[in-house]
Each structure stands twice: as C-alpha cells, then as structure tokens.
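Encoded as structure tokens, the structure appears first; notes follow it.
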Amino acid sequence: MKTFLVALMATAIAMPAAAVTISNTPTGGNISPFGAPDTRTYGQVFTAPVTGTLTSFTLFLNGGVGALRGGVGTWNGTAAWGSGFGSPTNLYLSADVPSMMAGAYTFAPNVAVTAGSLYVAYLTAFNVAGANATTTMPLGTAASGLNYFVWNNNSDPVGNGSWNYAFNTGNVQFSATFAAIPEPQSWAMLIAGFGLVGASMRRRKAALAA
C-alpha cells in the first residue's frame, strides 16, 4: 500500500502542464521602420492554442533601436485593412531592456490565456528611455495559430484604438510557448486514486482495531 501511495504522489508531482509552442520561420522579407521616431510599436496577433499560461514569446529584429519593451494584450481587431481598428487590453508590459543589435527578444509574461482567443505580442519603443534609432523586423511564414502583423504609430500601445493592419503584410517571425492546464480527466483519475488509497487505509485501520 505504501508503495502504491508513493507512486501516486510521485505521479501527482510529475504532472506538469503540457508545453505547447507555436512558431514560424523567416521568409527573407522585412518590414520597416520600427523604432523612434517612426513607428514605435510592432506586434503579432496570435490565437492561443490552449487554455493555460503564455510562458514566453519571442520577436526578432534586424538591428538595435537603443532600448525597447515587450508586451502582450488581448486583441479585439479583425483581419481587414484599416487604421485605428484595434485596441488591445494590456496583460503584460516589461521593463526597459537594451536593444543594441540584431537578434531575438524574448520575454516571460506568464499571463493566463484562453484557447481560441486572440492576443497580440509586441515590441515597443514608445516612451522608452534610450530608444533612439530605427531598424527592420523580419517577416515570417504562415503557421497554425499565427494570424497577422499589426502596428501602432507613435502612440502609447496600451489600451488605445490606434493600431493598424495591412492585409498583404502577413506575419512577422515569431515564437510563443504555452503551459496548458492539465486535462480534467487527468485530475479526475488522480483524485479517484487518492480516494481509493484513503478507503483502503480506513479498511486496514478497521481490521487492526478488530
């Protein structure tokens, strides 16, 4: 019985949320200019593949802009050409980070997401001390879960309606990792197992008392 109980507890401890990643690859194309004093916010709209936590996301630049922040928000826009058609509700905004060279910019927002809902992950140079240059962002291939590129011209990216979408831009190079909440049936099996252990231990105590 002790062996079974230990095994069951080990199973419970070893039931981490399943990791799910969505990503694409560069196409060789670029979109510009990103940074100060031009378009200060570039973002990628994506559909959460699971209900759980967005643990990290990565966007890429072909050069540095001095400094920037990374952010994530819910997305209420649609895939249609327009200026000022989207207004995210912000869930996460990082502290200022240096941006001195080309490469991957990865952030760990650890925010809750819902499967099938739209979100936007972005880089912004708006109101960031040290943001003093522009660069380009690599475009990326189509991939499941990735929707379209959006941008915000020279304004605060948080909670305003000045985001834009261009129907022919596609996606930028992007990667995001999610931790899915364990499926209900997994928890049900675990709880049932503990119930069986408890019942067995009660019967054993009763037998010893007799």
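The values are calculated or read from the model by the stated rules, or taken from the named source; none is laboratory data. This structure is a prediction, so every number in the text was calculated from the model and none was measured. Cβ atoms come from the backbone with ideal geometry, glycine included; neighbour counts cover every protein chain shown. We work out accessible area using only protein heavy atoms, side chains counted, and drop any ligands, DNA or RNA first. Shrake-Rupley method; radii C 1.70, N 1.55, O 1.52, S 1.80 Å.
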Selection within the stretch 121-175 - under 19 Å from ALA95 (Cβ atoms), β-branched (Val, Ile, Thr) and open to solvent by 20 Å² or more (accessible area, probe 1.4 Å): VAL158
Hits in the stretch 39-53 (condition: over 21 Å from THR141 (Cβ atoms) and either modelled with pLDDT under 95 or assigned to a strand (DSSP E or B) (or both)): THR39, ARG40, THR41, GLY52, THR53
Selected residue (only one of THR74, THR89, THR78 is at pLDDT below 95 and more than 23 Å from ALA142 (Cα to Cα)): THR89
Residue, surrounded by the most Cβ atoms within 10 Å (Cβ to Cβ), within the stretch 36-77, restricted to residues that are in contact (Cβ under 8 Å) with a residue 60 or more places away in the chain and over 29 Å from GLY130 (Cβ atoms): ALA48
Elements of type strands (runs of 3 or more DSSP E) contained in the stretch 54-109, each with 3 or more residues being within 17 Å of PHE149 (Cβ to Cβ): 66-74, 82-86
Failed condition for ALA180, given (1) open to solvent by 30 Å² or more (accessible area, probe 1.4 Å); (2) touching a residue at least 24 places away in the same chain (Cβ under 8 Å): (1)
Candidates ALA67, ALA102, ALA95 - the one that is in contact with a Lys or Arg (Cβ under 8 Å, 6 or more places away or on another chain), farther than 14 Å from ALA121 by Cα and modelled with pLDDT of 95 or more: ALA95
Flag for PRO88 being in contact with a strand residue (DSSP E or B) (Cβ under 9 Å, 6 or more places away or on another chain) and farther than 12 Å from TRP163 by Cα: no
Condition met for SER99 (surrounded by 17 or more Cβ atoms within 10 Å (Cβ to Cβ) and more than 11 Å from the chain's Cα centre (by Cα)): yes
Number of the exception - ASN90 against (1) touching a residue at least 60 places away in the same chain (Cβ under 8 Å); (2) open to solvent by 60 Å² or more (accessible area, probe 1.4 Å): (2)
